[in-house]
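A short reminder: the numbers here are calculations on the coordinates, not readings from a lab. Predicted model only: the values in this text are computed from it and were never measured. Ideal geometry is used to build each Cβ from the backbone, glycine not excepted, and the neighbour counts take in all protein chains shown.
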Amino acid sequence: MTTVVERLRGDATVFSVEFFPPRDAADEAILWRSIRELESFDPAYMSITYGAGGSSRDGTIRSIARVATETTLVPMAHLTAVGHSVAELRHVIGSYAAVGVRNILALRGDPPGDPYGEWVPHPNGLNYAEELVTLVRSLGDFCVGVSAFPYGHPRSADLDTDTLHLVRKFRAGADFAIAQLFFQPEDFLRLRDRVAAAGCEALLIPGIMPLTTPRTLRKTIELSGASAPSSLLNRLEPLSDDPKAFRAEGLDAVTELCERLIAEGVPDLHFYTFNRSKATRELVSRLGLVPARA
Ligand code: FAD
């Protein structure tokens, strides 16, 4: 099966999509409708996040296996070290490999229910994503991605230390990194500059949230770990009670962000879909993004 890096070799910016595992049958139907709707746009790859609980984790493994066997999409499975012994991690990696999944996003993860809360390692587990990169690499011919943080990971002492830890993940064998959500193109470009200044030729991919609702804006602020610039808040917050106007303005703002990133030569725009396809399809069309195969 094709790797993410192979899919990003062209000159043009392409796009990829992220989903989360379904909680029940109704969720599963929505997820699969969205997957099928996006399949014909030929994203470079699709990914499914990895939760903290057993049933959600099973949902990731089941869904990624189905994508690998029933669709033309290139799947990438997220995996976190939270609550797992090394033996369990080996088992999950083995179950990804067994269905032909060759792309893994190796993450430390967060303690359940507490984004960026105090990290508690499993007694027989791993401490940092860097160790998971090494483990995945040792178990087969995988293409490995990691996370990166434009504003620094909230638990990093400063940006230099954060960059150092990111570069260590590349040195451990990561092939690319997907950046956490951010607000301005410069925030991502500065991350790219820091990594380059550290002597690392890394493939860095921006994570993009389609700002369709006040909830997606709140989620972006929460995940980014930073405050939204007043220019964006002044643009969107007055529209909070007008869903149609918010969506239109939010998608305009995201289109402008993406246009600048494309002009800066980013290889891929990684869209958070919330398991819906409409906003992503709209952005892909507006931006004229080409199928990854072209
Ligand atoms: P690490 O790279 O291990 O970093 C964690 C902290 O430790 C940082 O502060 C870092 O600077 C520090 N550090 C790293 N290495 C060292 C070292 N050698 N010595 C000392 N300190 C070190 N979470 C989920 O639960 N499921 C998902 O599916 C998921 N998908 C994600 C996808 C993307 C694109 C992103 C950006 C995040 C995702 N997350 C997911 C969230 C992520 O797991 C958390 O942000 C987590 O807090 C950090 O994970 P990490 O892999 O960056 O950790």
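For segment 58-110, the relative contact order is 46 percent, taking Cα pairs closer than 8 Å that sit 6 or more residues apart in sequence and dividing their mean separation by the residue count.
Computed from point charges on the beta carbon alone (+1 for Lys and Arg, -1 for Asp and Glu), the dipole magnitude for segment 147-201 about its Cα centre is near 180 Debye.
Since only PRO150, PHE246, THR280 are under comparison, the one whose Cα sits farthest along the positive direction of the charge dipole of segment 139-294, derived from C-beta charges on Lys, Arg, Asp and Glu, is THR280. Applied to segment 232-247, the Karplus parametrisation 6.51 cos²θ - 1.76 cosθ + 1.60 on θ = phi - 60° returns per-residue 3J(HN,Hα) values of 6, 5, 5, 6, 9, 4, x, 9, 4, 9, 10, x, 5, 5, 4, 4 Hz, with x for Gly and Pro. Listed by Cβ neighbour count within 10 Å, with the fewest neighbours leading, TYR272, TYR50 appear as TYR272, TYR50. Length gained on full extension, GLN184 to TRP119: 20.5 nm, using 0.36 nm per residue less the C-alpha separation. A Stokes-Einstein calculation at 10 °C with viscosity 1.306 mPa s, built on the Kirkwood radius of segment 215-294 over Cα pairs, returns a diffusion coefficient of 114 µm²/s.
Using the 10 angstrom Cβ neighbour count as an exposure proxy, how do LEU203, LEU166 rank, fewest first? Don't skip to the end; give the middle numbers.
Working: LEU203 17, LEU166 29.
Lowest count first: LEU203, LEU166.
Converting phi to 3J(HN,Hα) with the Karplus coefficients 6.51, -1.76 and 1.60 and the offset θ = phi - 60°, segment 145-155 yields x, 9, 9, 9, 10, x, 9, x, 5, x, 9 Hz in sequence order, with x at every glycine or proline.
For segment 85-135, the percent of C-alpha pairs falling in each 5 Å distance bin, counted from 0 to the bin holding the largest distance, reads 5, 18, 25, 25, 16, 8, 2.
Quick one: dipole size for the chain, taken about the Cα centre, charges +1 on Lys/Arg Cβ and -1 on Asp/Glu Cβ, in debye to the nearest 20.
Values: 31 positive and 37 negative charges, 103 e Å.
In total the dipole reaches around 500 debye.
For segment 138-205, the relative contact order comes to 39 percent (Cα pairs under 8 Å, sequence separation of at least 6).
With point charges of +1 on the Cβ of Lys and Arg and -1 on the Cβ of Asp and Glu, referenced to the Cα centre of the chain, which listed residue (SER230, HIS165, THR134) lies farthest in the positive direction of the dipole? The Cα lying farthest towards the positive end belongs to THR134. When the alpha-carbon atoms of segment 120-175 are used, the pair Rg, Dmax equals 12.1, 34 angstrom.
Taking the inverse of the average 1/r across all pairs of different Cα atoms in the chain, what Kirkwood radius in Å do you get?
19.4
Here segment 1-83 is described by how far its Cα atoms reach on the three principal axes: 40, 29, 20 Å, from widest to narrowest. Remark: relative contact order (the chain) = 23 percent; criterion is Cα-Cα distance under 8 angstrom and separation of 6 or more residues. Rounded to the nearest 20, the Cβ-based charge dipole of segment 1-106 about its Cα centre (Lys and Arg +1, Asp and Glu -1) stands at 240 debye. For segment 268-279, backbone phi angles converted through the Karplus equation (6.51, -1.76, 1.60; θ = phi - 60°) give residue-by-residue couplings of 7, 10, 9, 8, 7, 9, 6, 6, 10, 9, 4, 5 Hz, Gly and Pro being listed as x.
With contributions of -39500 (n - 2.57) from each DSSP H run of at least four residues, the per-residue ellipticity at 222 nm computed over the chain stands at -14000 deg cm²/dmol.
For a quick protection proxy, order the peptides 182-189, 60-67, 94-101 by their average other-Cβ count within 10 Å, most packed first. Spell out each step's value before the answer.
Working: 182-189: 19.4, 60-67: 21.0, 94-101: 16.1.
The densest-packed peptide leads the list: 60-67, 182-189, 94-101.
For segment 179-247, report the % of Cα-Cα distances exceeding 19 Å. Before the final figure, lay out each step's value.
On the way: 938 of 2346 pairs.
Tail of the P(r) past 19 Å holds 40 percent of the pairs.
Can you give the local net charge around PRO22? Use residues other than it whose beta-carbon is closer than 13 angstrom to its beta-carbon, Lys and Arg +1, Asp and Glu -1. Counting the neighbours of PRO22, the net charge comes to +2. Amide H contacts under 5 Å for CYS143: ASN103, ILE104, restricted to partners 5 or more places along the chain or on a different chain, H placed in the peptide plane at 1.01 Å from N.
Of ARG7, ARG192, the sequence from fewest to most neighbouring Cβ atoms within 10 angstrom is ARG192, ARG7.
Only lysines eight or more places from LYS244 in sequence, or on another chain, were considered; those with a Cα closer than 21 Å are LYS219, LYS278.
Note on THR71 and ASP110: the model spin-label points, each 7 Å out from Cα along the C-beta direction, lie 2.5 nm apart. Shown here: segment 75-162, whose C-alpha atoms stretch 39, 27, 21 Å along the first, second and third principal axes, sorted largest to smallest. Under the simplified labelling scheme, the GLU282-SER138 pair shows an inter-label distance of 4.8 nm, with each label point 7 Å from Cα along Cα→Cβ. Calculate the FRET efficiency for LEU239 and ARG168 from the Cβ-Cβ distance with a Förster distance of 41 Å, rounded to the nearest 0.05. That pair, LEU239 with ARG168, gives E of 0.45.
Is the C-alpha gyration tensor of segment 171-211 telling us rounded, prolate or oblate? Criteria: a/c under 1.5 is rounded; beyond that, a/b larger than b/c is prolate, otherwise oblate. It comes out oblate by the Cα gyration axes.
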